[in-house]
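One structure is given here, and the rest of the page talks about it.
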Amino acid sequence: MKLFDSELKVMEVLWRLGDQTAKQISGILKEEIGWNVNTTYTVIKKCIAKGAVQRSEPNFCCHALVTKAEVQEAETEALIGRLFDGSPDLLFASLLGSRKLSPEQLARLREIVSEMK
């Protein structure tokens with residue numbers, strides 16, 4: 001499932017706060033990024049059409065059908081496939097070579113790799 005940046009804004013609200021009405025989501029996104037009600041409802045409906053959100057009544061309640069981890073995994077796989085010939089090690093080489101990582105970030109990466117063994 002490919003979610004666009006706008007759809008991810010709606011999903012972030014649901015992941016962060018749990019089930020919300022469309023009106024609540026609209027209020028949150030108006031405050032956070034300046035969206036109007038129509039924009040928010042349009043994007044929510046796109047998320048519903050993609051199967052990322054379930055709508056229930058009363059009050060147009062929205063429930064996330066996919067987790068943030070699932071979306072992150074799918075997006076990472078797509079990125080690796082598209083830009084790194086399906087090779088995760090090329091992605092890591094690019095990340096490590098393109099900018100300086102702090103000692104704390106390097107230590108965290110070592111922990112992650114060690115945990116995967």
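Only one residue in GLN24, GLN54 is touching a His at 6+ places or on another chain (Cβ under 6 Å) and of a type in the set (S, T, N, Q). Which one?
The match here is GLN54.
Matching residues to (1) in a helix (DSSP H, G or I); (2) open to solvent by 100 Å² or more (accessible area, probe 1.4 Å); (3) within 28 Å of LYS9 (Cα to Cα):
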{"site": "LYS46", "(1), (2), (3)": "yes, yes, yes"}
{"site": "GLN54", "(1), (2), (3)": "no, no, yes"}
{"site": "HIS63", "(1), (2), (3)": "no, no, yes"}
{"site": "GLU73", "(1), (2), (3)": "yes, yes, yes"}
{"site": "ALA78", "(1), (2), (3)": "yes, no, yes"}
{"site": "LEU91", "(1), (2), (3)": "yes, no, yes"}
{"site": "SER94", "(1), (2), (3)": "yes, no, yes"}
{"site": "GLY97", "(1), (2), (3)": "yes, no, no"}
{"site": "GLU104", "(1), (2), (3)": "yes, yes, no"}
Number of the exception - LEU109 against (1) exposed (fewer than 13 other Cβ atoms within 10 Å of the Cβ); (2) within 28 Å of ARG16 (Cα to Cα):
(1)
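Residues ILE28, ILE33: which one is surrounded by 16 or more Cβ atoms within 10 Å (Cβ to Cβ) and either among the β-branched types (Val, Ile, Thr) or touching a strand residue (DSSP E or B) at 6+ places or on another chain (Cβ under 9 Å) (or both)?
None of the other options fit; the residue is ILE28.
The values are calculated or read from the model by the stated rules, or taken from the named source; none is laboratory data. From a predicted model like this one, the values you see are computed outputs, not experimental measurements. Heads up, the Cβs are rebuilt from the backbone with ideal geometry, glycines too, and the neighbour counts pull from every protein chain shown. When the accessible area is computed, the model is the full protein with side chains, heavy atoms only, and any ligands, DNA or RNA have been set aside. Shrake-Rupley method; radii C 1.70, N 1.55, O 1.52, S 1.80 Å.
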